[in-house]
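One structure is given here, and the rest of the page talks about it.
The values are calculated or read from the model by the stated rules, or taken from the named source; none is laboratory data. These numbers come from a predicted model, not from an experiment. Because the Cβ atoms are built from the backbone with ideal geometry, glycine has one as well, and the counts that use them run over all protein chains shown. Ligands, DNA and RNA are stripped out before the accessible areas are found, and what is left, the full protein with its side chains, is counted by its heavy atoms. Shrake-Rupley method; radii C 1.70, N 1.55, O 1.52, S 1.80 Å.
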Amino acid sequence: MTAAEALDDAVRRRLARFAEEGVMARLWDADTSLWKPGDDAHQRVVARSLGWLSVFRDVRPELGELEAFAADVRGAGFRQAVLLGMGGSSLAPEVLSRIFGSAPGWLDLAVLDSTDPGAVLDLAERLDLGRTLFIVASKSGTTVEPLSFFKFFYNRTAEALGARAAGAHFLAVTDPGSLLAGQAEEHGFRAALLNDPNIGGRYSVLSYFGLAPAAMMGLTVERLMDRAEAAASACGPERAGADNPGLYLGAIMGQAALSGRDKLTLVASDRLAPFGDWLEQLIAESTGKESKGILPVVGEPLGPAKAYGPDRLFVQLKLAGQEAGDRALAGLEEAGQPVVRLELKDAYDLGGQFFLWELATAVAGRLLAINPFDQPDVEAAKVLARQSLAEYARKGQLPEQKPVLVEAGLSLFGQAAGASLREALQAFLAQAEPGAYLALQAYLPPRPETEAALQAVRLRLRDRLKLATTLGFGPRFLHSTGQLHKGDAGRGLFIQLTADQPRDAPIPDEIGSTASSVSFGVLETAQALGDGQALAQAGRRVIRLHLGAEVGRGLRRLKEALP
């Protein structure tokens, strides 16, 4: 029996057990005991997290008003929208923007979810503030990144247009009673869309967090919701077996992970490739905890069968009529690798995929005996970053680290030893054990040329080491894969990449004030240091390579030094 056949058999048996346990009926009844039964603290978290199941009933009546509001914004002369957010509030809008683009005459959407000062200033310098609507998206309004973005761009807008006019250029998407809701009222925002507080960030794509930016781009949000509701109907409580696509996919995900195939590798057709960024957060933050986890591998080009170990589950996502690694996946199937295939008739079927994967992830959490709605390890890096910022406030500088090696303008920090960069990297990578993975964590400007160079490094490592690889730009990955990095079984190897910051931008201490005690550059560095420290404290193997003043040169030097 091949590995794929063994997985199929295990999934069939799991579905039979789910039917006996009434899993689907209990899920739709919002039975919190499906996850971590007997633990009151977890039950309270789950009870506050299942609003995504009723989103169709709650949001659909508001869609006409939402589309009318978007039309009003368009009629007022706005031509650019900028989403200021992080994690679940930013990933879904970015996916929709990259896959659909804006309809003619509607607002072009840009998403800012990087504290890198280069990214902030690159965006600021290309905006026409008089025609820009800023969408500040945050459940609480206290998350440091969107709060910092808001203060920075509100002050710029007020300076350019006047304080009385600035508020009309801002829209809040937040929870009722949040700090952001209060700020929206205080500063005269054009509107504040109050979301269901019982929907967590990574499950919020079909709520105002995803639909408001979609409406601004001129997408037909009714059609998107129709497809989502059709998927929900196909996953209804009366379907308890393989005919329920969400239950079936969740059983495959969880059962594969239990059998050691915990690297869910997404293979998407070109247009759908951005979907992986949203899926990455959903799976990693939901399942990576209690020394368990499913690692989503996105953006890793397909290689030959010999490039992969026995820890992969491949999922193909394609538009009808388009190619998405079909021949290569057929070869992997012949080699015994399990492959799941999902096909969309058009891009609006993404509405169905959003719901399908949310439900499947919840089902996988049941199978792994974890709570898929909390994120207990995300806070660790935040706390350590705040400690670094507090030291900066006291001393005027961040905590210093001493490099273990300096070579050709590159500085190496952390758990590595060797007479040269090549030797140190070789020794670090030699720690990989069966089932390991390698994560590149880039606290660098998220520019296309940088991503291309990082991908070249990533593929070289994958092919040499036969390990699953991931690539994330900081700090955005802290709100997605960052949970899994610290909460899974601990087999990851982490290479942080930082660089000098030729430009910086101050973060206002208060809205409307020019006083600033910290900059985006300081914040980004503190986040990198905090995450590295959190990984080390969790027993993870981590090094940091500082690339110096020239990112491109530093990445070329890194690739040359790889064993």
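Worth pointing out:
- The residues on offer are Ala549, Ala538, Ala468, and the sole one that is within 23 Å of Ser286 (Cβ to Cβ), of a type outside the set (Val, Ile, Thr) and open to solvent by 10 Å² or more (accessible area, probe 1.4 Å) is Ala538.
- The residue list Arg227, Arg239 contains one member that is farther than 18 Å from Ala10 by Cβ, open to solvent by 10 Å² or more (accessible area, probe 1.4 Å) and outside any loop (DSSP other than H, G, I, E, B), which is Arg227.
- Filter result for Val136 (outside any loop (DSSP other than H, G, I, E, B), closer than 22 Å to Ala526 by Cα and β-branched (Val, Ile, Thr)): no
- Residues being within 30 Å of Gly288 (Cβ to Cβ) and touching a strand residue (DSSP E or B) at 6+ places or on another chain (Cβ under 8 Å) - total across region 487-506: 12
- Count of region 80-130 residues, restricted to those that are out of contact with any Pro (no Cβ under 7 Å at 6 or more places or on another chain), at pLDDT 95 or above, in a loop (DSSP other than H, G, I, E, B) and open to solvent by less than 10 Å² (accessible area, probe 1.4 Å), is 1.
- Filter pass, Ala380 being touching a Gly at 6+ places or on another chain (Cβ under 9 Å) and open to solvent by less than 10 Å² (accessible area, probe 1.4 Å): no
- Taken over region 38-69, the criterion of being surrounded by fewer than 12 Cβ atoms within 10 Å (Cβ to Cβ) and either among the small types (Gly, Ala, Ser) or not in a helix (DSSP H, G or I) (or both) is satisfied by Gly38, Ala41, Gly64, Ala68.
- Flag set for Glu391, criterion: out of contact with any Cys (no Cβ under 9 Å at 6 or more places or on another chain), at pLDDT below 95 and under 26 Å from Thr142 (Cβ atoms).
- Some residue of region 210-224 being assigned to a loop (DSSP other than H, G, I, E, B), open to solvent by less than 10 Å² (accessible area, probe 1.4 Å), touching a Lys or Arg at 6+ places or on another chain (Cβ under 9 Å) and within 29 Å of Phe134 (Cα to Cα): no
- A search for C-beta distances below 7 Å between a residue of region 145-169 that is over 23 Å from Gly75 (Cβ atoms) and among the basic types (Lys, Arg) and any residue that is open to solvent by 10 Å² or more (accessible area, probe 1.4 Å) and at pLDDT below 95, counting only pairs 6+ apart in sequence or on different chains, returns Lys151/Ile511.
- Filter pass, Gln455 being of a type in the set (S, T, N, Q) and in contact with an Asp or Glu (Cβ under 6 Å, 6 or more places away or on another chain): no
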